[in-house]
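Here's the structure we're looking at; comments come further down.
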Amino acid sequence: MKTPKRIEPLIEDGLVDEVLRPLMSGKEAAVYVVRCGKELRCAKVYKEANKRSFRQAAEYQEGRKVRNSRDARAMAKGSKFGRKETEDAWQNAEVAALFRLASAGVRVPKPFDFLEGVLLMEMICDEYGDAAPRLNDVTLEPDQAREYHAFLIQQIVLMLCTGLVHGDLSEFNVLLTPTGPVIIDLPQAVDAAGNNHAFIMLERDVGNMASYFGRFAPELKQTRYAREMWSYFEAGTLSPTTVLTGVFADPDEIADVGSVLREIEAARMDEDRRQAGRAADDAPLGKTEEPPPPWMQ
């Protein structure tokens, strides 16, 4: 096929030998299958900001480090230079996240290089060597759903332990391989400690997983892993070996339960008193004793 203009620099630099076919086009990038020597890899070509359908970038970029104060001011003003810096930061975020997560043991595609807005990375394949399907494209047995859900919850914990939240995790950006799920699409990954929206995004990511796998194992829809893992994260005790249950009660809910129990106990005691009063009123009257004789009075 004709080489996309954005991939030409990679061919000129010897990083890519041939573009074979388009693989997919998403809301922030188009992905191509390319040949690099004897290996097949993916070239992810990021779309320009005005051509992306992914919105609300500002809330995702909160907490990300900027190289210097000049760049920060330019990005805040939205100047031409600032827009370019913002775009570069958005694209570089995925590269940094992939290296960071891969080193932590999270199952993500291995990144190889990044040049001129093109990310060269591992191609995730099925058992036949073709592109692996997305979770959205498969039907699962209940036990499979439970197994994959548990695995992805563990992956989310590993991500959080590195200080990152995916931010857009769903069945559309998880690929299924013979050895299990692989998480993709991370340009919007957020800093868990530095972004005020981090927990909301984590809760949405975890909720999306529960909703999808809950189609096959309905009990998963009732789990509350996001709040549970976040409570450990805030306390500084979350680790890759933390055992989660999926059950979590907010402190306010615990307080409310205590209040309800006290009200129930008070109502029970009131009812006991009323019952005792009614029992006394309904008791049969005994015989009236005759007054004692005068000499005993």
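The numbers here are math on the coordinates, done by the rules we state, and not lab data. Just so we're clear, the structure is a prediction, and the values are computed from it rather than from any experiment. Positions of Cβ are generated from backbone atoms using ideal geometry, with glycine treated the same way; all protein chains shown enter the neighbour counts.
Details
- Taking amide H positions as modeled 1.01 Å from N, with prolines and chain starts lacking one, the residues under 5 Å from D17 and 5 or more places away or on another chain are R35, C36, G37.
- In order along the stretch 241-249, phi translates into HN-Hα couplings of 9, 4, 8, 9, 10, x, 10, 8, 10 Hz, rounded to whole numbers, per the Karplus curve 6.51 cos²θ - 1.76 cosθ + 1.60 with θ = phi - 60° and x for Gly and Pro.
- Order of V31, V106 - criterion: other Cβ atoms within 10 Å of each residue's Cβ, fewest first: V31, V106
- Part-to-part distance (alpha-carbon centres) for the stretch 159-216 and the stretch 90-142, which is given in Å: 13 Å
- Where labels lie 7 Å past Cα in the beta-carbon direction, separation of F112 and E234 in nm: 4.4 nm
- Ordering of 4-16, 232-244, 168-180 by burial proxy (mean other Cβ atoms within 10 Å per residue, highest first): 168-180, 4-16, 232-244
- Amide proton proximity set for F216, modelled H, under 5 Å, gap of 5+: none
- Sorted by Cβ neighbour density within 10 Å, fewest at the top, the residues H149, H197: H197, H149
- All other residues whose Cβ lies under 14 angstrom from that of A150 are scored, Lys and Arg at +1 and Asp and Glu at -1, for a net of -2.
- Each Lys or Arg adds one and each Asp or Glu subtracts one; over the other residues with Cβ under 13 Å from the Cβ of G180, this totals -2.
- The modelled label-to-label distance between S25 and A193, using points 7 Å beyond Cα along the C-beta direction, is 4.2 nm.
- Here the 3J(HN,Hα) profile of the stretch 172-186, calculated from phi with Karplus coefficients 6.51, -1.76 and 1.60 at θ = phi - 60°, is 8, 10, 10, 9, 10, 10, x, 9, x, x, 10, 8, 10, 6, 10 Hz, Gly and Pro shown as x.
- Ranked list, fewest to most other Cβ atoms within 10 Å of each Cβ, for Y225, Y128: Y128, Y225
- In the stretch 166-237, the inverse of the mean reciprocal separation of distinct Cα atoms equals 13.2 Å; this is its Kirkwood hydrodynamic radius.
- Cβ-derived FRET efficiency at R0 25 Å, T177 paired with I200, nearest 0.05: 0.25
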